[in-house]
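A.B. asks: The structure under discussion is supplied below as structure tokens; questions concerning it will follow.
The values are calculated or read from the model by the stated rules, or taken from the named source; none is laboratory data. The model shown is predicted, which means the values in this text are computed figures rather than measured ones. Positions of Cβ are generated from backbone atoms using ideal geometry, with glycine treated the same way; all protein chains shown enter the neighbour counts. Please note that ligands, DNA and RNA were not included when accessible areas were found on the heavy atoms of the full protein model with its side chains. Shrake-Rupley method; radii C 1.70, N 1.55, O 1.52, S 1.80 Å.
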Amino acid sequence: MLYTLIRRAALVAAVIVVVPVGAWAQSRTEAELLAQINKTPGDVASYLDLAKIYVEQKRFDDAQRMLINAATVIGQLRSNRTLLGGPTPVQVPAPPPPPAVDASRPLRVADGVTEPKKIKDVKPVYPPIAETARISGVVIAEIVIDTNGDVRDARILRSIPMLDQAALDAIRQWRYTPTTLNGVPVELVMTVTVSFTLGSEPTPTVGQAPVRVGGDIKEPRKIYDAKPFYPPDAQAAGVQGIVIIEAIIGVDGRVSSAKVLRSVPMLEQAAIDAVSQWVYEPTLLNGVPVPVVMTVTVNFTLK
């Protein structure tokens, strides 16, 4: 009880000492003062006027709260002034440092990293066997360029049979401008293409029907073999065996047509898909390339 009386007396004294003389003449109501504080939280006079009203109403706890609020605002105002009475200089934050570069792994050419300039270009050597088979197209590869600009590694993303190695041999001789990021030399990963284009096509006999292999017509030599994909359903069912196919080899050495002569259920399409990718040496008759028809087999064996 004694402590409460002392505290209330101190509050009254604080209001009398702190509140300016003009503030006692204020006639604003509690509601008006609360609205003013809500609108302008830094208005010290409103806190003091409200504390005076609470003292008069013997609401000493509320009066104490208003005085504490007023003291807090005054402290904030003082903290914004220097010892000489001037405003505190505005501290401009330093720009954030650039992100650290992890030079231990290659960076992919993307946002923030531009594709380097090629300063040495080597054209691929067209493999004679591929030219004979009339194979052309674009090989796509992914390469790693080291900090010196040399091609450190290369792997095929999209393959063309018989052209992949020639493409890699050319790519590994390429050279680029070295790349740095935030002043740090870095390795890059990027995708490149190598194009193989044939000249004019050989002229076969017009309307030449396929010649069946046999007698003087020797079976052409296969120069590209694609292994069949074993269908999972057939494997699960324990299906195996040999599919026999009649294939027509075009003048370019590619399989132009394939039909099943002896079927193995669930394995026919896989056999045709494989045979359709095979490539042979073109067959010549009197020096002119001709299509041939022959029988081939595709073997499926469970392990």
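A.B. asks: Need one value: the accessible area of SER79 in square angstrom, 1.4 angstrom probe, rounded to the nearest 10.
C.D. replies: 80
A.B. asks: With θ taken as phi - 60° and the coefficients 6.51, -1.76 and 1.60, list the Karplus ³J(HN,Hα) couplings across region 224-235 in order, rounded to whole Hz; mark glycine and proline as x.
C.D. replies: Working through the residues one at a time gives 9, 10, 9, 6, x, 8, 7, x, x, 5, 5, 4 Hz.
A.B. asks: For region 176-270, report the accessible area per residue in Å² (1.4 Å probe, heavy atoms, rounded to an integer).
C.D. replies: 59
A.B. asks: If you stretched the chain out fully between THR40 and LYS117, how much longer would it get, using 0.36 nm times the residue separation minus the C-alpha to C-alpha distance?
C.D. replies: 21.6 nm
A.B. asks: While we're looking at this one, here's another question. Put a dot 7 Å past each Cα toward the Cβ at SER263 and GLN235; how far apart are the dots in nm?
C.D. replies: 2.4
A.B. asks: Within the accessible area of region 233-303, what % is carbon and sulfur when the probe is 1.4 Å and the other protein chains stay in place?
C.D. replies: The nonpolar share, carbon plus sulfur, comes to 50 percent.
A.B. asks: Further, regarding this structure: For region 162-172, just list the computed ³J(HN,Hα) in residue order, Karplus coefficients 6.51, -1.76 and 1.60, θ = phi - 60°, integers in Hz, with x standing in for Gly and Pro.
C.D. replies: 6, 10, 4, 5, 4, 5, 5, 4, 6, 4, 5
A.B. asks: Using the Karplus curve 6.51 cos²θ - 1.76 cosθ + 1.60 with θ = phi - 60°, work out ³J(HN,Hα) for each residue of region 286-298 in order, rounded to whole Hz, and write x for Gly and Pro.
C.D. replies: 6, x, 10, x, 10, x, 10, 10, 8, 9, 10, 10, 10
A.B. asks: Can you compute the FRET efficiency between VAL288 and SER136 using 1/(1 + (r/R0)^6), with r the Cβ-Cβ distance and R0 = 22 Å? Round to the nearest 0.05.
C.D. replies: Calculated transfer efficiency: 0.55.
A.B. asks: Can you give the charge dipole size of region 108-163 about its Cα centre, rounded to the nearest 20 debye, using +1 on the beta carbon of Lys and Arg and -1 on the beta carbon of Asp and Glu? Display every interim value, and only then the final one.
C.D. replies: Numbers: 9 positive and 8 negative charges, 32 e Å.
The dipole magnitude comes to about 160 debye.
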